[in-house]
Structure formats: C-alpha cells, structure tokens
Amino acid sequence: MDTNKSNVAENDPQFEAAFQKKIDAEIKIEPRDWMPAGYRKTLIRQMSQHAHSEIVGMLPEGNWLTRAPSLKRKAILMAKIQDEGGHGLYLYSATETLGISRDEMYDQLHTGKAKYSSIFNYPTLNWADMGAIGWLVDGAAITNQIALCRCSYGPYARAMVKICKEESFHQRQGYEIMMNMAQGTKEQREMAQDAINRWWWPSLMMFGPHDADSTRTTQSMTWKIKRTSNDELRQKFVDATVPQAHYLGLDVPDDKLAWNEEKKSYDWGEIDWDEFRNVVAGNGLCNRERLQTRRDAHDGGKWVRDAALAYAEKQKKRTAAKKAA
Ligand code: BYC
C-alpha cells in the first residue's frame with residue numbers, strides 16, 4: 001500500500017497497519033508520508049522539547065563566558081554554546097516539517113506549556129561546572145542521542161547524526177577541563193569534586209523516569225521513535241562514566257555504587273525522584289530565571305525579526321517589479 005498520501009484521515013486503520021509495517025521494515029518516515037496523529041504528536045512533543053533543551057542549555061554555560069580562565073577557554077566555550085544554538089535550529093526546522101510553526105513552539109516554551117530538560121535548572125557555581133557539564137551532561141545526551149540517530153522519523157534521525165558529532169567534541173572538551181583541574185592544585189581538585197557531587201545525580205535524571213513509570217516508552221519504542229528504554233540508557237551511561245571518574249581520581253557521590261561481576265555492570269543507588277518531579281514541575285533552583293531569560297531574549301530580538309521580515313518583503317516586491325517590467 002502506498003502510504004505517501006497526506007489526504008487520508010490520520011486514524012485510518014488500514015493506513016495505520018501499513019505504516020507500522022514500514023516502521024518494522026526500518027523504512028524511514030518522511031514529512032509527506034501518511035502518519036498516525038499520535039505519531040505526529042509524540043514527535044512534535046519530543047523534538048520540540050529537545051530543541052528547547054538545546055537553547056535553554058546555552059544559558060548555564062553562558063553564565064561563565066565572561067569569567068573563563070583564559071582566552072583559549074573562552075573561545076572553546078563560545079564555540080560550544082554556538083553549536084548548541086545550531087542544534088536548536090536544526091531541531092526546530094526538523095519539527096516544523098511536522099506542521100507546527102516555530103512561533104507556536106517558542107510560545108509553548110515561553111508560556112511554560114512545553115518542557116525542556118530538567119538538567120538546565122541547576123546553577124553553575126564554579127568553573128569546574130563547565131567541565132562537569134561537558135563531560136556528564138553532554139555525555140548523557142550523547143548516550144541518548146546515538147540511539148535517536150536511528151529514529152524512524154527521517155528529519156529527526158538525520159539531524160541527530162550531525163548533532164552527535166558535535167556533542168562528542170563537547171564531551172571531550174569537558175573531560176579535558178576536569179582532567180586539568182583534577183591534576184591541578186588542591187583547590188582545583190576540590191572544585192572538580194564539588195562539581196561532580198552536584199552534577200552526577202541530575203545527569204542521571206536526564207534519562208527520564210524508570211521504565212515502569214514512563215508513560216511514553218512502550219508506544220515510542222513500537223514506533224521506533226525511541227530505540228532504547230530510559231533505564232537501559234541510564235545504565236549504559238553509568239557503566240561508561242564511572243571508570244572515567246576513577247581515572248580522574250574523583251569519587252562518584254553514590255555510596256551504593258559497586259561493580260557487579262555477574263552482570264558486568266555497576267549496581268548503584270536510587271535517584272531522588274521527588275527532586276526530579278519538583279524540577280520538572282517548574283520548582284527547581286533556576287526554572288523561573290531560565291524562562292525569564294528566554295522570554296527577555298525573545299522580546300529583545302523582536303526588532304531583528306521585524307527588520308528581517310521587512311527586508312524580505314521589500315526584496316519580494318523588487319523581484320516582482322523586475323519581473324513585471
Ligand atoms: N527533564 O515517558 P517519559 C543537550 C518528561 S540538550 C524534563 O519517559 P519520553 C545539551 C517527558 O518529557 C539534549 N522532562 O517520556 C544542551 C514526559 O513529559 P510529557 C536533551 C522530562 O519522552 C546544552 C514525562 O516526563 N536531550 O544535549 O518517552 C548543553 C514522562 O517521561 C525528563 C533530549 O531532549 C527530564 N529529564 O522520554 C549541554 C533528548 N525526563 O511530555 C547539553 C530527547 C522525562 O509527557 N528526548 N521528562 O509531558 C528524549 O529522548 C525523551 O523525551 C526523554 C523522555 C528520554 C527525555
């Protein structure tokens with residue numbers, strides 16, 4: 001059955017079966033293909049939340065641009081933050097292919113209707129936080145995003161390939177900052193340890209609720225939007241990251257952490273789910289500040305958008321006048 005028909009109802013059972021067959025055969029879904037309403041809605045939600053996370057994620061690091069310890073560090077940090085802005089733009093563009101406008105998405109973010117990753121509601125208190133964010137936060141993001149490169153929706157999967165390449169540079173630059181600090185003075189080592197103490201658990205929260213509590217995982221995995229469950233990805237991240245912490249000579253702030261020889265992976269403690277729910281509900285340390293900064297940036301940029309639109313309109317009129325002459 002040809003599912004490249006956009007004029008069929010979004011709940012047509014015959015089309016739904018053909019659609020699932022396509023997914024099962026690993027054929028990518030493209031913007032003009034028929035898709036069930038729920039698939040479109042789930043993608044819009046996840047992809048726009050992802051885009052919002054990228055642009056809100058610029059803020060905690062932006063806090064340190066003026067205080068980077070050297071010109072080299074400042075240039076690297078600036079490049080990383082610009083990459084994140086770029087990721088947001090690819091993801092907003094990819095989400096627009098599903099029929100939502102960028103203005104609507106911004107509006108959902110600015111009114112608090114749409115979520116962004118809980119991790120960006122924590123403050124950045126010292127320079128080592130730039131290392132911990134690159135190493136742990138980008139590290140957690142890559143663990144999730146490698147799986148998203150195989151997402152069934154073509155534009156999302158393709159955007160993720162480029163994003164993952166850049167994230168892997170971000171992760172390495174973060175680890176390099178941590179390495180420098182861990183090998184530095186006593187104060188620098190203490191700053192590095194303090195950063196891992198504060199960022200470890202929030203990084204584990206990035207993967208979302210336990211599988212048993214995740215409302216979306218089963219359907220998203222059937223549609224191959226998600227390829228791996230929240231808990232599986234979280235465990236993968238722990239197993240990859242704990243040896244990196246040990247190599248730095250830093251402690252992981254979890255007294256239940258222990259290597260399990262039988263499972264060939266780490267056993268570890270429990271996330272504070274009350275804290276997670278509280279942050280996601282908008283009551284974290286920086287939720288209000290982050291949203292206000294975003295709203296101010298959007299309002300402050302209005303004159304640029306107006307000028308760009310006025311210029312485009314003028315160009316359009318000029319081209320039409322030339323054609324008519
Ligand atoms: N924070 O059923 P679940 C970056 C929500 S940025 C907030 O498991 P799902 C970077 C979830 O949305 C990259 N909310 O949902 C940038 C859902 O809420 P709704 C960030 C969370 O979607 C700058 C509800 O809880 N990466 O790399 O199947 C500097 C139930 O959860 C969180 C992405 O955005 C959370 N941590 O799975 C440095 C990846 N966790 O919508 C780095 C794309 C869960 O039902 N997103 N929720 O109201 C995903 O892969 C998935 O959406 C999730 C959640 C794994 C996050």
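The values are calculated or read from the model by the stated rules, or taken from the named source; none is laboratory data. Quick caveat: nothing in here was measured; it's all calculated off a predicted structure. As a convention, Cβ positions derive from the backbone with ideal geometry for all residues, glycine included, and neighbour counts pool all protein chains shown. Please note that ligands, DNA and RNA were not included when accessible areas were found on the heavy atoms of the full protein model with its side chains. Shrake-Rupley method; radii C 1.70, N 1.55, O 1.52, S 1.80 Å.
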Report yes if W200 is within 16 Å of the ligand (Cβ to nearest atom) and more than 29 Å from E30 (Cβ to Cβ), otherwise no.
yes
How many residues does region 271-325 hold that are open to solvent by less than 100 Å² (accessible area, probe 1.4 Å) and either among the aromatic types (F, W, Y) or under 24 Å from N63 (Cβ atoms) (or both)?
24
So in region 271-309, with the set limited to residues that are acidic (D, E) and either within 24 Å of the chain's Cα centre (by Cα) or closer than 16 Å to V238 by Cβ (or both), which one is nearest to the ligand (Cβ to nearest atom)?
E275
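Is at least one residue of region 164-182 in contact with a Pro (Cβ under 9 Å, 6 or more places away or on another chain) and either open to solvent by less than 10 Å² (accessible area, probe 1.4 Å) or within 12 Å of the ligand (Cβ to nearest atom) (or both)?
No, there is no match, as no residue in region 164-182 is in contact with a Pro (Cβ under 9 Å, 6 or more places away or on another chain) and either open to solvent by less than 10 Å² (accessible area, probe 1.4 Å) or within 12 Å of the ligand (Cβ to nearest atom) (or both).
Conditions tested, residue by residue: (1) within 11 Å of the ligand (Cβ to nearest atom); (2) open to solvent by 60 Å² or more (accessible area, probe 1.4 Å); (3) charged (D, E, K, R).
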residue	(1), (2), (3)
P209	yes, no, no
T222	no, yes, no
L233	yes, no, no
T241	no, no, no
Can you find even one residue in region 246-262 that is within 13 Å of the ligand (Cβ to nearest atom), over 29 Å from N180 (Cα atoms) and open to solvent by 60 Å² or more (accessible area, probe 1.4 Å)?
no
Quick one: is A141 more than 9 Å from the ligand (Cβ to nearest atom), part of a helix (DSSP H, G or I) and touching a residue at least 24 places away in the same chain (Cβ under 8 Å)?
no
Here is a list of conditions, (1) assigned to a helix (DSSP H, G or I); (2) over 13 Å from the mean Cα position of the chain (by Cα), and I133 meets all of them except one; can you say which number that is?
(2)
Within region 1-117, considering only helices (runs of 4 or more DSSP H) that don't extend past its boundaries, which have at least 2 residues that are open to solvent by less than 50 Å² (accessible area, probe 1.4 Å), away from the ligand (no atom under 11 Å from the Cβ) and among the hydroxyl-bearing types (S, T, Y)?
71-96
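Matching residues to (1) modelled with pLDDT of 95 or more; (2) not in a helix (DSSP H, G or I):
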site: D255; (1), (2): yes, yes
site: G269; (1), (2): yes, yes
site: F276; (1), (2): yes, no
site: E289; (1), (2): yes, no
site: A308; (1), (2): yes, no
site: E313; (1), (2): yes, no
site: K323; (1), (2): no, no
More than 14 Å from the ligand (Cβ to nearest atom), among the hydrophobic types (A, V, I, L, M, F, W, C) and open to solvent by 70 Å² or more (accessible area, probe 1.4 Å): does that describe W268?
no
G154, sole failed condition from (1) without any contact (Cβ under 8 Å) to a residue 24 or more places away in the chain; (2) within 21 Å of E54 (Cα to Cα); (3) away from the ligand (no atom under 15 Å from the Cβ); (4) among the small types (G, A, S)
(1)
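Here is a check on your reading of the model: is A281 of a type in the set (A, V, I, L, M) and out of contact with any helix residue (DSSP H, G or I) (no Cβ under 8 Å at 6 or more places or on another chain)?
Numbers: of a type in the set (A, V, I, L, M): yes; out of contact with any helix residue (DSSP H, G or I) (no Cβ under 8 Å at 6 or more places or on another chain): yes.
In short, yes.
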